[in-house]
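Have a look at the structure below, then the notes.
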Amino acid sequence: MSGLLAFLADHTIRNVVAGATLLGVVSGVLGSFAVLRRQSLLGDTLSHAALPGICLGFLIAGTRDLPSILAGALATSVLAALAMLALTRWSRLKTDAGLGISLSVFFALGVVLLTYIQGTGAAGQGGLDSFLFGQAAAMLRSDLWIMAGLTGFSVLLVAALWKEFKLVAFDPVFAATLGLPVAVLEATLTAAIALAVVVGLQMVGVVLMAAMVIAPAVAARQWTKRLGPMVMLAAAFGMASGVAGALASAGARGLATGPLIVLAASAIVLVSILLAPGRGVLWGALRRRRDRRALGESQVLATLHALTTHHGDPDYLSEQGMIDTYHGLATRGTLARLRAGGWVRAVRHLPHEGRHWELTPAGRERARRILADPRAEAGTEPGIDRDGGGA
Amino acid sequence: MLQELLLDIPLTIMATGALVGTAATLVGVFLVLRGNSMLSDAISHSIVFGIVLVWLLTRQQSGPVQILGAALAGVLTVFLTELLARTRRVKDDAAIGLVFPALFSTGVLLLNVYARDIHLDVHAVLLGEIGFVWLDTVTVASLDVPRALVWMAAAAAANGAFVVLFFKELKLSTFDRDLAAALGFAPAALSYALLTLTSTTAVAAFDAVGAVLFIAFVIVPPSAAYLLTDRLTHMLAIGIAISVASSVLGYHAAVLLDVSIGGMMAVVTGLFLLAAFLFGPRYGVVARSWKLLGQRRVNESRLLALYLHDRGGGPQGAVAAALRDRLRWDAGKTAAVIRRSRRLGLVAPEGEVLRLTEQGRRAALELLEPWNAG
Amino acid sequence: MTAPHPGAPETAVHVEDLTVGYLGRPVLWDIDLDVPSGVMAAVVGPNGAGKSTLIKTILGLVKPTAGHVAIHGAPYRRQRRRVAYVPQRSSVDWDFPTTALDVVTMGRYGHLGWLRRPGRDERERAARALEEVGMAGLADRQISQLSGGQQQRVFLARALVQEAEVYLLDEPMAGVDATTERAIVALLHRLRDAGRTVVAVHHDLHTVQEYFDWMAILNVRVVAQGPVAQVYTRENLRKAYGGQVSLLPHGTGER
């Protein structure tokens, strides 16, 4: 325990954990809106497009002064979003090409500026690389305050314009009939997403910021059917992956923080997609398997029943191989389950070889029910809750 | 003679750039047309994972096996993305943005743990070192050839052969996937083949231009070409021409300014795109606004025809005043519309009175009874 | 801007000299329309006649080239709270994390204004509206789990909580089952009987006489408007539908 406290008392580690927390909150909250507005990859474009701004900020300030660098990053990110919008609106290029063009050309411009700065041999330029891959440990206390300020501002903005953002994301046409300035609100949201990206750059870097925008939101969507809880959960997931990644990298020195944070977030996504109640893929698969089994049981029972009526002998013993032939596949498993349920009995029928089966009285009754209404059992629980889950 | 050319530093660099551009454009054209060009973003990042893994297994960085092995990581990305999207819990674009960061992160961490000393540093991963391709040569047919040049030539040739051999199938499955499937052309297999080639090209181009700049070569020249032509063959040709021109111009600009060569090449592709976006003869912003202006003017004349159709002719001055009042056209605009409508033969003056011609009456009816317009 | 001519106050929707162009091409030409207060009105016309454009222009979603619109004697901008709109069903992302009750509550946002959050009062109103459209039991469902007809009823309930005087609907009966169609019509009749005005774009000429008491026939221009009994004639419909007149229902009055 005291070891852990000492660990947490370490200044660098405290900085990193605090930074990762802030990153998680801001990207979770704004990422939710990006994902819901089908702008998941916008985060990727915005983060790559921040590079030229980082360089410009450095060039203008002359040193690695965080406010100027972040201002530059924000400016070129927003510019790239506008470029993407212009390309898709005023030409026949589709969204994917618009995103890709903005991303790669702005980044290339950033690379050019980066090498230009290296050429000038300016002092402190080494720190610029840290924005490419993130360098959490290099974060200063003052950097943290700036991150906290930007995060606080973003969260307050979303809280203040909550129902407007929600309406614009869900039904922009209806929002316009209520007199909301839809274009302004959409632009504000996009700029806020750019702000979140800029906040995260120092922690996880240009490449991995895309994941921080998407992953917490996608994971959160799995657990709830309401926007409010989704945004809260996304913030919590973002925070959890941030802290987990930061602590892991502090514990095992030498492992980069950004990738660890992203892997933590990816793990949360994986668990959520598989296991979230209602929307979890695993439950869907299990349900389908159960339905398939129920169907198989009904069919085998019906077959047994048909064989007995065909032979005019209610105690007729059907041979395993015959049932298999009827269904064109092995029915051993299905029969075993039926036997366990008390619907059929296995008997030996000497001198014939192999296992034979007969219906129990209960089985006969169930078979009659199935024949009367084949749909009664087949697809049990139709259309149940794909999206149930918590609230 | 040939040997001298092959070791001429500026020439090798430009040739490598041009070959990267050509190979990338050949696959990029189809990705852009299919609307999944962002898969190249995912692929080019994910192969970092593949490259690291292959290096750990074989302790070799280049060679055909290594390139193909690393390329599998790109194919894996595509596969995982589709798997995720098929659950219908995640939209396509979100699926892309979930998979490649995870693979990229794994690659970086593997590098952190096992390979701190190798030359494969993460900066080269993103930025490439096209300026140094001439340092690393191999002997081919008793000639010393830069290794990157060999691999890029092979990639370009492979992509070219693929496009030529399967041109009809690629075209059909790009424009009408369902029809291609119905005709038995297996569009899914074709799509995977295309993405495997994209992935292989990305690995081959990696040392030269890095992950992000590769995306520029895949997406930007084909997009620029798409704004200039409607024909697939022309799109391929124009895309390749833009790639080659960008490599040459980018190299010279980079040397002049003493900045990243790969970066400058990608910036120049962006300039070509900007030019096509603004000044393309048919789809450029300027041409389109000009065309829209023309349409607007024709329609304004039709509005005048409609007005005269409804209200009958009248003294020019009165008509002009009524139009000003009704449509908020100012005097200059009203006069211009009347002038243009006369030129189009929709209206004609009879003394002081402006009347609708037979042609004008038809133009008005065409708007009011579109079912007769045919 | 020319000074508005508001029309008589008992006119619910007053449209005057309205021309709407796309690239200067008239989609609506010289529309004059006066929908009296307290009627259930259909807007009919062939495809491309500008029906949806008319509704959108009344709502200020489309900017007219000329002319103006008044709702109960004043421009839409000043009458927003007296108007409710039900869009075509296809316009939203059904996987959005929101429930039926939540969507209906959105109808109150216009009354709340900036910064205020919906509270108990809004949720109670929303619950009552859902009850009114026969969806009380499904309030907590995520919207993708509702059938097409149920989704349409949710949008109708959202319009109800707007507590408007004029209801504008864009093809409310398109693609819904017969039960939902009857429920929607019954609800709209109740609104009319309570003195509200309903204006709906309608695509099915066969049911106009049964459902509506007022109608406007549109085809770029207004072909005819007035009580259904007077306007629903073969002659008028032929003017709007032209060659497609064979599609018209039989037994249409030859007046």
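Inside region A:53-162, counting only helices (runs of 4 or more DSSP H) that do not spill past its ends, which hold 3 or more residues that are without any contact (Cβ under 8 Å) to a residue 60 or more places away in the chain?
Numbers: elements: A:66-90, A:95-120, A:130-133, A:141-160.
Fully inside region A:53-162 and qualifying: A:66-90, A:95-120, A:141-160.
Counting just the residues of region B:180-206 that are in a loop (DSSP other than H, G, I, E, B) and small (Gly, Ala, Ser), which one comes out nearest to B:THR16 (Cα to Cα)?
Selected residue: B:ALA186.
Taking region A:55-86, which residues are touching a Ser or Thr at 6+ places or on another chain (Cβ under 8 Å) and buried (at least 24 other Cβ atoms within 10 Å of the Cβ)? Talk me through it step by step, then tell me what you get.
Looking only at region A:55-86, we keep the residues that are touching a Ser or Thr at 6+ places or on another chain (Cβ under 8 Å), and these are A:56-58, A:60-61, A:66, A:77-78, A:80-81, A:83-84.
A:GLY57, A:PHE58, A:SER77, A:ALA80, A:MET84, listed by residue number.
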C:ARG117 vs (1) surrounded by fewer than 18 Cβ atoms within 10 Å (Cβ to Cβ); (2) in contact (Cβ under 8 Å) with a residue 40 or more places away in the chain; (3) more than 14 Å from chain B (Cβ to nearest Cβ); (4) under 30 Å from C:ASP140 (Cβ atoms): all pass except (2)
Among the residues of region B:298-314, is there at least one that is surrounded by 14 or more Cβ atoms within 10 Å (Cβ to Cβ), without any contact (Cβ under 8 Å) to a residue 40 or more places away in the chain, closer than 23 Å to C:GLY67 by Cα and within 44 Å of the chain's Cα centre (by Cα)?
yes
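Okay, residues lined up against (1) surrounded by fewer than 24 Cβ atoms within 10 Å (Cβ to Cβ); (2) within 30 Å of C:ARG78 (Cα to Cα); (3) hydrophobic (A, V, I, L, M, F, W, C):
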| position | (1), (2), (3) |
| --- | --- |
| A:ALA159 | yes, yes, yes |
| A:TRP162 | yes, yes, yes |
| A:PHE165 | no, yes, yes |
| A:LEU185 | yes, yes, yes |
| A:LEU195 | yes, no, yes |
| A:VAL199 | no, no, yes |
| A:LEU208 | no, no, yes |
| A:ALA219 | no, no, yes |
| A:ARG226 | yes, no, no |
Looking only at region B:251-263, decide whether some residue is closer than 23 Å to A:LEU113 by Cα, facing another protein chain (nearest Cβ under 9 Å) and within 19 Å of the chain's Cα centre (by Cα).
yes
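How many residues are of a type in the set (D, E, K, R) and within 16 Å of the chain's Cα centre (by Cα) if we restrict to region C:174-233?
The initial filter retains those residues of region C:174-233 that are of a type in the set (D, E, K, R), namely C:177, C:181-182, C:190, C:192-193, C:196, C:204, C:210, C:213, C:221.
Retained after the next criterion (residues that are within 16 Å of the chain's Cα centre (by Cα)): C:181, C:190, C:192, C:196, C:204, C:213.
Of the residues in region C:174-233, 6 are of a type in the set (D, E, K, R) and within 16 Å of the chain's Cα centre (by Cα).
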Which members of region A:297-306 meet the condition of being crowded, with 16+ Cβ neighbours inside 10 Å and in contact with a Leu (Cβ under 9 Å, 6 or more places away or on another chain)?
A:GLU297, A:VAL300, A:LEU301, A:ALA302, A:LEU304, A:HIS305
Residues of region B:49-76 that turn out to be touching a residue at least 24 places away in the same chain (Cβ under 8 Å) and outside any helix (DSSP H, G or I), as a count
2
Quick one: how many residues across region A:256-279 are facing chain B (nearest Cβ under 9 Å) and either closer than 15 Å to A:THR12 by Cα or touching a His at 6+ places or on another chain (Cβ under 9 Å) (or both)?
1
When residues of region B:270-296 are filtered for being facing chain A (nearest Cβ under 7 Å) and either of a type in the set (Val, Ile, Thr) or not in a helix (DSSP H, G or I) (or both), how many remain?
2
Of all residues in region B:11-55, count the ones that are within 23 Å of B:VAL248 (Cα to Cα) and away from every other protein chain (no Cβ under 14 Å).
11
Scan region A:332-347 and give yes if some residue there is more than 45 Å from the chain's Cα centre (by Cα), of a type in the set (Val, Ile, Thr), at pLDDT 75 or above and not assigned by TED's automatic domain parsing to the domain that holds A:LYS225, otherwise no.
yes
Among the residues of region C:186-239, which ones are within 14 Å of chain B (Cβ to nearest Cβ), surrounded by 20 or more Cβ atoms within 10 Å (Cβ to Cβ) and basic (Lys, Arg)?
C:ARG221
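The values are calculated or read from the model by the stated rules, or taken from the named source; none is laboratory data. Model, not experiment: these values are computed from the prediction. A quick note on method: Cβ atoms are made from the backbone with ideal geometry, for glycine too, and the neighbour counts reach across all protein chains shown.
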